[in-house]
Amino acid sequence: MQNQDKIYSAGIYCRLSKDDGGAEGESASISTQKAILTAYVRERGWRLTKTYVDDGYSGVNFLRPNFQAMIKDIEAGLIDCVITKDLSRLGRNYLDCGLYLELFFPEHNVRYIAVNDGVDTLNKAAMDVTPFRNILNDMYSADVSMKIKSAYRARFRQGKFMGTTPPYGFLKDPADHNHLIVDEAVAPIVRKMFELALEGNGIAKIRR
């Protein structure tokens, strides 16, 4: 049975995705998370064993490199307390979050704390409302995903280019990266490819 007076070997976990950054800005930055969590550990006299950072990873996906590294360290017995800034830093998938909070962490005698949300696996009252927080985080992720898809569809309808690398024969317009212009250096080659295709030549012959 864990207790409040135990000196923990803590691992602090920080995560930030592009969606989180756009919505929450500097308040959710990796540096801010590190500062808050490091201070939290030191104030309690615990050992800060390791800091895990997944920068640019969605909370929906739990196959994040440093999250998985943390899981291996837990299984190896290196840390017995995991601390995040809030519950959504751990993840935004309701089922997977519940799996870690209710099964994995208890099975490995790991205490979990989400500082800003007041979540602490030693506090039964706090844990009673945690599933509802997980559901809200999951809904937030789904809402953000829907808005992003809607924004992409709107840009597609406007004829905007949304890729990172333009197809062969085109360049990104320096004045507007969502607009493509003809790459005159290779335009004759592209036109020749189409001419050969219209003449009935196959891909192998056109390539040669």
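Coordinate-derived values only; no laboratory data. Given the structure is predicted, the values throughout are model-derived calculations rather than measurements. Note: ideal-geometry Cβ built from the backbone for every residue, glycine included; neighbour counts use all protein chains shown.
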Using θ = phi - 60° and the Karplus curve 6.51 cos²θ - 1.76 cosθ + 1.60, what whole-Hz ³J(HN,Hα) does each residue of segment 30-35 get, with Gly and Pro shown as x?
4, 4, 5, 4, 4, 4
Once amide H atoms are placed 1.01 Å from N in the peptide plane, what residues at a sequence separation of 5 or more from V119, or on another chain, have their amide H within under 5 Å of its amide H?
A114
Full extension from I203 to I189: what is 0.36 nm times the residue separation minus their Cα-Cα distance, to one decimal in nm?
3.6 nm
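At a Förster distance of 41 Å, what's the computed FRET efficiency of T32 paired with L171, Cβ-Cβ distance as r, to 0.05?
Working: r = 39 Å, r/R0 = 0.95.
After rounding to 0.05, the efficiency reads 0.60.
List, in the order given, every pair from K34/K85; K6/K72; K6/K34 whose Cα-Cα distance in the structure shown is over 19 Å. Please report the intermediate quantities before stating the final value.
On the way: K34/K85 9 Å; K6/K72 22 Å; K6/K34 22 Å.
Pairs exceeding the cut-off: K6/K72; K6/K34.
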So for the pair E75, V182, with labels modelled 7 Å out along Cα→Cβ, what separation do we get in nm?
5.7 nm
